[in-house]
Structures are given as C-alpha cells and as structure tokens.
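For reference, the structure is listed below as structure tokens.
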Amino acid sequence: MIYVLSISNIYKTFHAGTVDEKKLFEGFSLEIGDGEFVAVIGSNGSGKTTMLNIISGDIRPDSGTVSLNGRDMSQMKNFKRAAVIGRVFQDPSVGTCPSMTIWENMSIADNKGQRYGLSFGLNKKRKDFYREQLELLGMGLEDRMNTLAGALSGGQRQALAMIMATMVRPELLLLDEHTAALDPKSSDTVMMLTEKIVREKKITTLMVTHNLRYAAEYGTRTIMMHEGETVLDVSGEERASKNISDYLAVFNEISIECGN
C-alpha cells in the first residue's frame, strides 16, 4: 500500500556533541492514508512542529526518509516541496503578504511553482474563480478583493491563508497550530472553515494543535506525541468513544511519569 505520507525511521539530534545535546527522534515513523485528517497533540518539546519542519524540508533529519505518494522527498529542497505541500502557520501574517491585495495574494498562490510576472498572475479570467473560493469562507471577502491583506483581521487573514494553501489542491496540507494566535471566536470560525475546506476538497491533512477540543472534535484520527514518540494513535470507533478528559488523563499520566 502506498500512503500519501510515509515518515520512516527518522533520527534527529539537536546540538550534537555539546552540553545542550537533545535527541528528539530515534527511529520515529508515521504513515498517513489518502484523505485522512490527522490531529497531532502533545506537550511542548514533544516533536510536533519539528515533525512538520522535517516533512516540509525546513529541517533535515540525521537519517531516515520522508515519502509523499511513493516519492522519496528526503533530498528535495523545501521550496520544491512547497509546490505539492500546503502549509498554514500559527502567525496569520506569515501566510499572506500584507502590502498586496487579496486578489494579488490569491494570484500568487494560484501560480505556485510557476514562473510568472505579476501581470500574468493577475489574469482577470481567474477572478471569478477567486471570488468563488472566497465565498466558501462566508466572510464577505469576495467583495473586498482590492483590499490589502494587511487591513484584514487575524481571523480573516488566517482564513485567506487557508484558501491560498488549498486553492491549487496540495497532496498534503500541514496546519501548524494555525488557530493558536487567534481569539476564541476567530479560532472556532477558522476551525469550522478548515474542516469544511478539507472535507470538500478531500485533502490529506496533518494538523498540530494544543487545543484538545479541536483534536477530539475535528478530523478522522488523533495522535499524541511525547519526547519524539507516538504514545497514542486512535481513529474510527475508538476515537469516537474518546473525549477531552480521556486525552487529558493521558497527559496527566505522562506528567506523573516524568515527575512533573
């Protein structure tokens, strides 16, 4: 079976040979099937974001492989991986260019991985498509396409970043605590939009979050990490039977074992 994402036998040590040496991954592996929406939780330092950075190519493992739809991505530069991997970051300002309009931002995202000038990017024939994509958000942004992205609220910018990351359907979508910097209402709005977009476009998704409620309510599979290892992996009926208190109990058990 070919998985959309296959992380195999990853080793990663930070500050090797110094007093600050930290062995994070020692033989870490993970496989994600087509269409899965995986929520990843875990304490600080558990390896969640480092895992995303290894997948995206921002961090190189000491050894091991990362494959996407059967292709070994291990030696591929991160900017080339970006052509097939979408990513939304925690900071709403990272995924959009504040000095460019919504239309210009979407035009750049639409031509991801291609060589083009701005005039080509602003092909008016695509404007109706952009409006249709923005209408999915239900925020009225389709009527504000000439508004600078920097003038939008954090929630609006993050929702726009979601559309931009998925407009050219990626083979894999990485969500790096993409609601953490938002207020509770905006966070809930962005999560509902995330679930809608992922479901309707059938995008295989890996979401890192500290929000246990989101990990329990959204997606098809929940993974808990601790010190570079998977300590919980549930899906289907087993996942449906769990709630926030179940995940919290595992957290507390780990904390006790670690003497915290």
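The values are calculated or read from the model by the stated rules, or taken from the named source; none is laboratory data. Just so we're clear, the structure is a prediction, and the values are computed from it rather than from any experiment. Reconstructed Cβ throughout: ideal geometry from the backbone, glycine too, with neighbour counts over all protein chains shown. The protein model used for the area step is the full one, side chains on, heavy atoms only, and it has no ligands, DNA or RNA in it. Shrake-Rupley method; radii C 1.70, N 1.55, O 1.52, S 1.80 Å.
Under the condition of being exposed (fewer than 14 other Cβ atoms within 10 Å of the Cβ) and hydroxyl-bearing (Ser, Thr, Tyr), the residues counted in the stretch 140-154 number 1. Across the stretch 185-207, not a single residue is classified as modelled with pLDDT under 95, open to solvent by 20 Å² or more (accessible area, probe 1.4 Å), not in a helix (DSSP H, G or I) and not charged (D, E, K, R).
Please count how many residues of the stretch 1-22 are in a loop (DSSP other than H, G, I, E, B) and open to solvent by 50 Å² or more (accessible area, probe 1.4 Å).
So the count comes out to 10.
Filtered by the rule that a residue be touching a residue at least 12 places away in the same chain (Cβ under 8 Å) and either open to solvent by 10 Å² or more (accessible area, probe 1.4 Å) or not in a helix (DSSP H, G or I) (or both), the stretch 49-60 gives THR49, THR50, SER56, GLY57, ASP58, ILE59. Among the residues of the stretch 69-77, none qualifies, meaning not one is in contact (Cβ under 8 Å) with a residue 24 or more places away in the chain and basic (Lys, Arg). I'm checking my understanding of the structure. Among residues of the stretch 164-173 that are of a type outside the set (Ser, Thr, Tyr) and more than 14 Å from VAL94 (Cα to Cα), which one is surrounded by the fewest Cβ atoms within 10 Å (Cβ to Cβ)? Looking at the filtered set, the residue picked out is ARG169. If you filter the stretch 62-93 down to residues that are open to solvent by 70 Å² or more (accessible area, probe 1.4 Å), charged (D, E, K, R) and in contact with a strand residue (DSSP E or B) (Cβ under 7 Å, 6 or more places away or on another chain), you find that the one that is nearest to GLY155 (Cα to Cα) is ASP72.
Being of a type in the set (Phe, Trp, Tyr) and either more than 26 Å from GLY236 (Cα to Cα) or open to solvent by 50 Å² or more (accessible area, probe 1.4 Å) (or both) narrows it down to one residue among PHE37, PHE25; which is it?
Only one candidate qualifies: PHE25.
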